[in-house]
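The values are calculated or read from the model by the stated rules, or taken from the named source; none is laboratory data. What you see is a predicted model; the values in this text were computed from it and never measured. Cβ coordinates were reconstructed from backbone atoms using ideal geometry, including for glycine residues, and neighbour counts include every protein chain displayed.
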Amino acid sequence: MMNIDQRFMRRAIELARHGLGNTSPNPMVGAVIVSNGTIIGEGYHRRCGEGHAEVNAVASVNDKSLLKDSTIYVTLEPCSHYGKTPPCSKLIIDSDIPRVVVGSTDPNEKVSGRGINMLREAGVEVITGVLEKECKAINPVFMTAHSYRRPWVTLKWAQSSDGYIDSRLSPSDPPTMFSSPLTKALTHRLRSLHDAIMVGSGTVRADNPALDVREWHGSSPRPVIAGHSGSVPQDCRLLDSPVAPIMLEGNPGPGAIKDYLAALFSEGITSVLVEGGARLLQSFIESGIWDLARVETAPFHACRGVKSPVLGRLPDRQLKIGDNQLYYFSNNPLLWR
């Protein structure tokens, strides 16, 4: 049976999810303030650079005199440092809130227990680990990026039912469309949820992709090109991107993946969507450094062309969209297995 702390933390988790797609590189966080068993304030982090969940929750309380006898439930440890906004731990102390219930500690090295310590040193009662697994699962990207100091990696490709990612025999052939209009829109949604999008230099030469978000509402990820900059055509569309592409030099084999991701993390990238080509995707698979793969399979044979990457495992989930199948593979314990 769910106890009272779990019940209000569950509500904080619901609030946190409203920030999906808008908070990166910050996490999604929800906060609920309760006095005498009644919710008197709620808030969530709406957008990076704006008020944190605790700030919005305190601001929503009409009768501030109730705060001195209240509990604030927060899905993630309140911050303790000055960034774009002041520390939330200080706000809680200054608001005379006597009790704080935290879902998960913050793995960011700027916080990492310091927020909890600040509260306790000020005499605030702090309870931790309430629905911890569920609270961490809200932010798999943030948790992974700051726990392993690398971006979250999503692998994505579309293929024929007989396992070809590209059926062209020459660069002059038109590309085969494996995606339907609906799955294409879902791909653009997926792009909007990532900080960066990566392809190999060979894909740039063959497809001249834009890699932006057009079929969904949201921001376009920053383009990343892996390979040799000298082989990238100067008239390619990525060089006209509103944000300058990141060029990762060198042979994109499995041994290069760790260095690639370290370079992206140093640029503030916390998530990257890898869209191809087959060689780059296979390098990520062989390196073992990836978190989620989404493979779309069209309902027809190609019979020729470039073979698809091989994951060598069964999917964890699958979804039928029209005549196409989407298969999802997890390589991260924060996701369903």
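Structural remarks
- Index of the failed condition, Pro151 passing every other in (1) out of contact with any Asp or Glu (no Cβ under 6 Å at 6 or more places or on another chain); (2) surrounded by fewer than 22 Cβ atoms within 10 Å (Cβ to Cβ); (3) over 21 Å from Glu50 (Cα atoms): (2)
- Of everything in region 71-124 that is in a strand (DSSP E or B) and among the hydrophobic types (A, V, I, L, M, F, W, C), the residue that is nearest to Asn26 (Cα to Cα) is Leu76.
- Listed by first and then second residue, the pairs linking a residue in region 72-97 that is at positive phi to a residue that is at pLDDT 95 or above and part of a helix (DSSP H, G or I), with Cβ atoms under 6 Å apart and 6 or more places separating them unless they lie on different chains, are Asp96/Leu67; Asp96/Lys68.
- Restricting region 270-313 to residues that are over 25 Å from Pro175 (Cβ atoms), modelled with pLDDT of 95 or more and out of contact with any Phe, Trp or Tyr (no Cβ under 8 Å at 6 or more places or on another chain), the residue that is surrounded by the fewest Cβ atoms within 10 Å (Cβ to Cβ): Gly288
- For region 150-177, filtered to residues that are modelled with pLDDT under 95 and among the charged types (D, E, K, R), the residue that is farthest from Arg114 (Cα to Cα) is Asp173.
- Residue within region 237-250 that is touching a strand residue (DSSP E or B) at 6+ places or on another chain (Cβ under 6 Å), among the small types (Gly, Ala, Ser) and assigned by TED's automatic domain parsing to the domain that holds Pro175 present: yes
- Looking across region 208-240, the residues that are assigned to a loop (DSSP other than H, G, I, E, B) and either farther than 19 Å from Thr187 by Cα or more than 22 Å from the chain's Cα centre (by Cα) (or both) come down to Asn208, Pro209, His228, Val232, Pro233, Gln234, Asp235, Cys236.
- Residue in region 139-147 that is out of contact with any His (no Cβ under 9 Å at 6 or more places or on another chain), part of a helix (DSSP H, G or I) and surrounded by fewer than 15 Cβ atoms within 10 Å (Cβ to Cβ) present: yes
- Subset of region 1-22 [farther than 24 Å from Thr270 by Cα and assigned to a helix (DSSP H, G or I)]: Ile4, Asp5, Gln6, Arg7, Phe8, Met9, Arg10, Arg11
- Selected residue (criterion: nearest to the chain's Cα centre (by Cα)) from residues of region 256-310 that are of a type in the set (Gly, Ala, Ser) and part of a strand (DSSP E or B): Ser271
- Breaking point among (1) under 11 Å from Tyr164 (Cα atoms); (2) at pLDDT 95 or above; (3) not polar (S, T, N, Q), for Asp316: (1)
- Inside region 148-166, residues that are charged (D, E, K, R), under 27 Å from the mean Cα position of the chain (by Cα) and either within 14 Å of Thr75 (Cα to Cα) or not in a strand (DSSP E or B) (or both) make up a count of 2.
- Flag for Arg337 being in contact with a Phe, Trp or Tyr (Cβ under 7 Å, 6 or more places away or on another chain), modelled with pLDDT under 95 and surrounded by fewer than 13 Cβ atoms within 10 Å (Cβ to Cβ): no
- Options Val101, Val29, Val74; residue that is surrounded by 15 or more Cβ atoms within 10 Å (Cβ to Cβ), outside the structural domain of Asp195 (by TED's automatic domain parsing) and out of contact with any Gly (no Cβ under 9 Å at 6 or more places or on another chain): Val101
- Scanning region 169-198 for residues that are touching a residue at least 60 places away in the same chain (Cβ under 8 Å) and more than 27 Å from Lys320 (Cβ to Cβ) turns up Leu169, Asp195, Ala196, Met198.
- Region 319-334: number of residues that are modelled with pLDDT of 95 or more, part of a loop (DSSP other than H, G, I, E, B) and surrounded by 14 or more Cβ atoms within 10 Å (Cβ to Cβ): 1
- Residue tally, condition touching a Lys or Arg at 6+ places or on another chain (Cβ under 9 Å) and either more than 30 Å from Val32 (Cβ to Cβ) or of a type in the set (Gly, Ala, Ser) (or both), over region 123-157: 5
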